[in-house]
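Okay, so here's the structure we're looking at.
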């Protein structure tokens, strides 16, 4: 288990030496502290969170591996599980866990989270804006993670646009597996944003005392608005992928129809030629031209003329278009 310790003092976030567990001394003497926990096993987390004296239900939900998004408040403690997708290729979603109990904030990472590392680096820099309280840090983390959805939507949108262009120029270059992969990415993004919207809406309705001040409430309401906008955007992407899939099916049907049309034309051309061959190939007496020295050449010429006439007729009628 790795613990990163930051202290909020005079509006600035200062990094502290990484402790092996809780720093020595009473919790109320640590000041406003943020403990960011990485690579922790459930039993290690349970021992680490023990000094907070969390309600057993909060503790059980915080330690549960399932990515059930939402916010739960009990007494002075607030537990928030915010779904993340640091790896868009992964099969499922994970949750970044927040435990807020003034004057302490604990975040528990589900795995590598480079976006959070980048935010921490900016918050601890000399040019960072003032941070009035720990709730502001929670808002900044959630807002930063929500911004990643916009980037993901733009990337998926560009993929849809490129695939639509490829379908228009060369339909055969796009396979069903390509569309299935794109649809899977969109569906995962839909699930992520829906869960995040539920989470921030739940947080907005939470009765935790640290969120009741009007300006803090406004931050959470802003997150709800951003999540709703992201949800509408990803639903539009979902509709575009469905349209793309429909166009792919139409292009595939058109290719099959063209091939069947060519086969039909070839069958129509060879039908009279096969009839002539069958008639002249009968082993009976009295067939015309059997004794003529140039009978074979005449029949071949006739068949060539008939085939050319049929090709000209079908081409004139646009059957080859």
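Confirm whether residue 306 is closer than 30 Å to residue 173 by Cβ, surrounded by 11 or more Cβ atoms within 10 Å (Cβ to Cβ) and outside the structural domain of residue 176 (by TED's automatic domain parsing). When the stated conditions are applied, residue 306 does not pass them.
Residue-level analysis places residue 155 among those that are in a helix (DSSP H, G or I), under 27 Å from residue 226 (Cα atoms), assigned by TED's automatic domain parsing to the domain that holds residue 85 and within 11 Å of the chain's Cα centre (by Cα). The set of residues in segment 1-29 that are over 19 Å from residue 108 (Cα atoms) and at pLDDT below 85 comprises 24, 25, 26, 28, 29.
Quick grid of which residues meet (1) assigned by TED's automatic domain parsing to the domain that holds residue 152; (2) within 30 Å of residue 143 (Cβ to Cβ); (3) loosely packed, with under 14 Cβ neighbours inside 10 Å:
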site	(1), (2), (3)
224	yes, yes, no
231	yes, yes, no
247	yes, no, no
263	no, no, yes
281	no, no, yes
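When the residues of segment 133-152 are filtered to those that are more than 15 Å from residue 200 (Cβ to Cβ) and surrounded by 15 or more Cβ atoms within 10 Å (Cβ to Cβ), the one that is nearest to the chain's Cα centre (by Cα) is 152.
The residue of segment 119-132 that is surrounded by the most Cβ atoms within 10 Å (Cβ to Cβ), among those that are in contact with a helix residue (DSSP H, G or I) (Cβ under 8 Å, 6 or more places away or on another chain) and over 28 Å from residue 233 (Cα atoms), is 123.
The values are calculated or read from the model by the stated rules, or taken from the named source; none is laboratory data. Quantities reported herein were computed from a predicted structural model and do not represent experimental measurements. Don't worry about glycine lacking a Cβ; one is built from the backbone with ideal geometry, like all the others, and counts go over all protein chains shown.
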